[in-house]
Amino acid sequence: MEDQRTPEPAHEAVTAARTGTSRPGWASRMGRCKPIDQLARETGQLRRSLGLAQLTMISIGATLGTGIFVVLGEAVPKAGPAVVLSFLLAGATALFSALSYAELAGMIPASGSSYSYAYATLGELVAWVCGWCLILEYGVSVAAVAVGWGQYLNELLRLVVGVTIPDVLSQPPGEGGVINLPAVAVVVLAMFLLFGGARESARANAVMVVIKVLTLLVFCAVAFTAVGDGNFTPFLPLGMAGVSAAGATLFFSYIGFDAASTAGEEARDAKRDLPRAIVLSLLVVTALYCLVALAAVGAMPWTAFDGSEAVLSRVLTRATGSGVFWSALLSVGALVAIASVVLAVMYGQTRILFAMSRDGLVPRVFAEVDRRTGTPRKNVLLTSLAVAVLSAVVPLGALADATSIGTLFAFGLVNIAVLVLRRTRPELPRRFRVPLAPFTPVLGAGFCLYLMSSLGADTWAVFCGWMVLGLLCYFGYGIRHSRLREPLPHGSSTD
């Protein structure tokens, strides 16, 4: 299903010779922008079947659950009771970026999320870097979430039948195990759901979202009965530096709110519904996160949080005395919640690779669409295999921080893209406009940089290594196979 109007890479020199043009230099090729009208014309390969409710559920499904079920136990020791402020800090950073996402999603209703937005505004090299960060964000975050799923499965088995899966089969190397089979199992489950198509995947995701929202509300209702005033003092035991450090870790909790923007080509009315879904989902998620965090640190002293992934189950056990029933119920809800995150984020990952493949920057196999289901099934299979291997052998902490820094970088680029388009294409219709621009996008980019600076040197080393690998892939493959042949001015036609 290739666009026949665009010459293939092997014929680029022939085409240039026939037209009397010379092949553009590398600097020009790296800076070429993809016209917005071309992005709009290329849509249509995927089926438009998703409405506002489904898009909102995709974003909530990709976001809600990861941080509160999995990463909260790692964040509380860094900030103490002020972890609530850490959630607000991370949420404010996400909100600024969400507003920028909303404006761009209403203008550019294409798959690819911020990769496509960067391609239309900042040039091919920046778009590649953004897409490479999104691969880190989506692919690695799925692996991290899958690791947390295995922790809650063991917790449920311990509560119900008194046994757990041996560490050798449920922990990655370096943490007492050889392979994390539960993590692999949830990735494979999501893969089969994605094979069914976007509409079927969205229905399954919606059911799981309802279950996990109800689970978190039940947790709050039980935990608030055991809140002790002394658990909130001192409120800032580690100062604002601790709040910032925890906020950088908890930003992982907001990864996924942009998942709706990856469904730009499968939304029935993308320009209207995508902005609404992005902002609405973020507001719902932030409110629930803060509520659950208050209940958790109020019911259990912050010094008792020791980095355990299944921390909410321990809070309920402490709040109810024995609490086997409530803890088991929470573990079931957590399994459903984390499975929905895996499903929604893997959906987003496959659509980003689909957009990059259609542009020629990654191999063509990722853009092949199954005629029966209207989904890129080979893309889903390859992505699932890569994520399954990663989740089977890499510890959670390393995955979470690496995901956060890649996401923050991509979000910063989205804020910059809004500023660029406001200047270069002010005449374009915008169904949603970022309020108080340019201040809001500038603040969004600044907050992203601030949280990135709070991450450790090891995380920065991983990020820099990932960027070097990405640049090698771009100059070794992407720039040579790009289907955008020459630098084109904004808004020009390729016909």
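The values are calculated or read from the model by the stated rules, or taken from the named source; none is laboratory data. Treat the numbers as computed from the prediction; the structure is a model and nothing was measured. Note that each Cβ is placed from the backbone with ideal geometry, even for glycine, and that neighbours are counted across all protein chains shown.
Quick rundown of the values:
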quantity	calculated
Condition met for Ala267 (of a type outside the set (Asp, Glu), at pLDDT below 80, within 19 Å of the chain's Cα centre (by Cα) and within 23 Å of Val336 (Cα to Cα))	no
Residues located in region 445-469, provided they are among the hydroxyl-bearing types (Ser, Thr, Tyr) and either exposed (fewer than 15 other Cβ atoms within 10 Å of the Cβ) or under 12 Å from Leu136 (Cα atoms) (or both)	Ser453
Residue match in region 211-222 (condition: surrounded by 24 or more Cβ atoms within 10 Å (Cβ to Cβ), in contact with a Ser or Thr (Cβ under 7 Å, 6 or more places away or on another chain) and in a loop (DSSP other than H, G, I, E, B))	no
Meets criteria (buried (at least 16 other Cβ atoms within 10 Å of the Cβ) and over 16 Å from Ile338 (Cβ atoms)) for Trp149	no
Close pairs (7 angstrom Cβ cut-off, 6 or more residues apart or separate chains): touching a residue at least 40 places away in the same chain (Cβ under 8 Å) and closer than 12 Å to Leu343 by Cα in region 177-191, polar (S, T, N, Q) and crowded, with 17+ Cβ neighbours inside 10 Å anywhere	Val187/Ser384; Val187/Ser391; Val188/Ser384; Met191/Ser384
When residues of region 402-415 are limited to those that are small (Gly, Ala, Ser) and over 30 Å from Leu169 (Cβ atoms), the one modelled with the highest pLDDT	Gly412
Set Ala328, Ala337, Ala355: member being farther than 19 Å from Arg199 by Cβ, at pLDDT 85 or above and part of a helix (DSSP H, G or I)	Ala355
Subset of region 425-444 (residues that are in a helix (DSSP H, G or I) and surrounded by fewer than 15 Cβ atoms within 10 Å (Cβ to Cβ))	Phe439
Candidates Leu189, Leu156, Leu194 - the one that is in contact with a helix residue (DSSP H, G or I) (Cβ under 8 Å, 6 or more places away or on another chain), assigned to a helix (DSSP H, G or I) and surrounded by fewer than 20 Cβ atoms within 10 Å (Cβ to Cβ)	Leu189
Among residues of region 159-176, those that are buried (at least 17 other Cβ atoms within 10 Å of the Cβ), in contact (Cβ under 8 Å) with a residue 60 or more places away in the chain and not in a helix (DSSP H, G or I), counted	1
Qualifying residue in region 115-124 (condition: closer than 21 Å to Leu382 by Cβ and of a type in the set (Gly, Ala, Ser))	yes
Test: residue in region 110-125 that is surrounded by fewer than 24 Cβ atoms within 10 Å (Cβ to Cβ), in contact with a helix residue (DSSP H, G or I) (Cβ under 9 Å, 6 or more places away or on another chain) and hydrophobic (A, V, I, L, M, F, W, C)	yes
Considering residues of region 323-378 that are of a type in the set (A, V, I, L, M), closer than 30 Å to Gly478 by Cβ and more than 21 Å from the chain's Cα centre (by Cα) only, the residue surrounded by the most Cβ atoms within 10 Å (Cβ to Cβ)	Val369
Residue count for region 421-463, restricted to those that are over 27 Å from Ile36 (Cβ atoms) and among the polar types (S, T, N, Q)	3
Subset of region 416-457 [touching a Pro at 6+ places or on another chain (Cβ under 8 Å) and at pLDDT 85 or above]	Ile416, Val418, Leu419, Arg422, Val434
Residue selected from region 385-401 under the condition modelled with pLDDT under 70 and part of a helix (DSSP H, G or I), by the criterion farthest from Glu175 (Cα to Cα)	Asp401
Count of residues meeting criterion [of a type outside the set (Lys, Arg) and assigned to a loop (DSSP other than H, G, I, E, B)] in region 253-276	6
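For every residue, the table says whether it meets (1) under 30 Å from Ala299 (Cα atoms); (2) among the charged types (D, E, K, R).
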residue	(1), (2)
Ala53	no, no
Thr56	no, no
Leu88	yes, no
Glu103	no, yes
Ala118	no, no
Leu125	no, no
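Condition check ((1) more than 29 Å from Val345 (Cα to Cα); (2) outside any helix (DSSP H, G or I)) across all residues:
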| residue | (1), (2) |
| --- | --- |
| Phe224 | yes, no |
| Gly230 | yes, no |
| Pro234 | yes, yes |
| Ala245 | no, no |
| Phe251 | no, no |
| Ile278 | no, no |
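Matching residues to (1) among the basic types (Lys, Arg); (2) under 20 Å from the mean Cα position of the chain (by Cα):
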site	(1), (2)
Tyr138	no, yes
Glu155	no, no
Gly162	no, no
Val168	no, no
Glu175	no, no
Val184	no, yes
Ala190	no, yes
Leu194	no, yes
Arg203	yes, yes
